[in-house]
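Taking it in order: structure first as structure tokens, then the write-up.
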Amino acid sequence: MVFTGRSISMAGSFMSPVALAFGVLEITDSAAWLSAVTATAMVAMAATMLFGGGIADRYRRDAVLSLTSLGAGLTQAGVAVLLLTHQHPVLLLPLAASNGVFQGLTIPALRGIVSNLVAGRGLQRASSLLASARNTNRILGPATAGLLTASIGGGWAIAADAASFLLAAACFARISLPDRRPRAKDSPTMLADMAEGWRYFKSQQWIWSVTVAFAIFNAINRGVWQILGPVIANDTIGAAGWGLRPARR
């Protein structure tokens, strides 16, 4: 169930940027609105990931993944309805922010759940299998989203993306892990743990300098591949061509 759920969740995550970009352009034909929707989701995700790590360390990761995948599926379904009914794009912003929050909560739990299930050589094999699934989805996800957008429209592509998250939620709901919540009365709170982690982060120059460098790189990369690229492709090779482009990291 973990492999199935995580594979489906990754497929949805890789489908989402292409489907959303061309879905927004389909109803607005505006790079500004696409930038606003994308930036809203990115900021919400980045702001939530710190809390997502704390939650993943203190609560059952299977429950966290089930709830966040359900939330992501419902918000994407809302986006699909807005795109299919051609509503004003400002209504996409709260849904984009909500989806970013759910993604920020999902990523830490998704990366750490394998170590809760297997150990030793089994962990290495499981990690290799999941890496293969990730690389496959990296290629098939955008291609599928591009073909769906070109054939039936961006709204329906987002609807398929929503369905993938809901299916992943059903898979995660069938997993049962031990309760991770601290039971001792004197155990530190999640905020105290986060504060300690922040102090360590600031004290290690190589960690925060690399983090800043990757933040700048990812901001530029997102701007090119999720905004500028789709805008140009919309007038040239179309959604299908953009979805079939070589996968980028």
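Along the Cα-to-C-beta direction of Ser203, a point sits 7 Å from the Cα; which residues of the range 53-73 have their amide N less than 20 Å from that point?
Once the point is set 7 Å along Cα→Cβ of Ser203, 54 turn out to lie under 20 Å by backbone N, inside the range 53-73.
Any idea how far apart Phe51 and Thr189 come out in nm if each label point goes 7 Å out from Cα toward Cβ?
Modelled inter-label distance: 1.4 nm.
Measure off 7 Å from each Cα along the Cα-to-Cβ vector at His86 and Glu196, then give the distance between these two points in nanometres to one decimal.
Here the answer is 5.7 nm between the modelled labels.
Regarding the range 62-181, what whole-number volume in Å³ per residue does the convex hull of its Cα atoms give?
102 Å³
Could you give the nm distance between label points at Thr236 and Ser35, where each point is 7 Å from its Cα heading toward the beta carbon?
Placing both labels 7 Å beyond Cα along the Cβ direction yields 1.9 nm.
Can you give the net charge of the other residues whose Cβ lies under 13 Å from the Cβ of Val231, counting K and R as +1 and D and E as -1?
Neighbour charge sum, excluding Val231 itself: -3.
Which shape class, rounded, prolate or oblate, goes with the chain when its Cα gyration tensor gives a ≥ b ≥ c as root eigenvalues, a/c under 1.5 marks rounded, and past that a/b bigger than b/c marks prolate?
Note, shape of the chain comes out prolate.
How large a share of the accessible area of the chain, in percent, is made up of carbon and sulfur atoms when the probe is 1.4 Å and the other protein chains stay in place?
66 percent
Would you work out the relative contact order for the range 37-188, in percent, from Cα pairs under 8 angstrom that are 6 or more residues apart?
Relative contact order comes out at 42 percent.
Calculate, for the chain, the solvent-accessible area per residue in square angstrom, rolling a 1.4 angstrom probe over the heavy atoms of the protein chains.
Value for the chain: 52 Å² per residue.
The values are calculated or read from the model by the stated rules, or taken from the named source; none is laboratory data. As the structure is a prediction and not an experimental result, all values here were calculated from the model. Glycine also receives a Cβ, built like all others from the backbone with ideal geometry; neighbour counts cover every protein chain displayed. These accessible areas exclude ligands, DNA and RNA; they are computed on the full protein's heavy atoms, side chains included. Shrake-Rupley method; radii C 1.70, N 1.55, O 1.52, S 1.80 Å.
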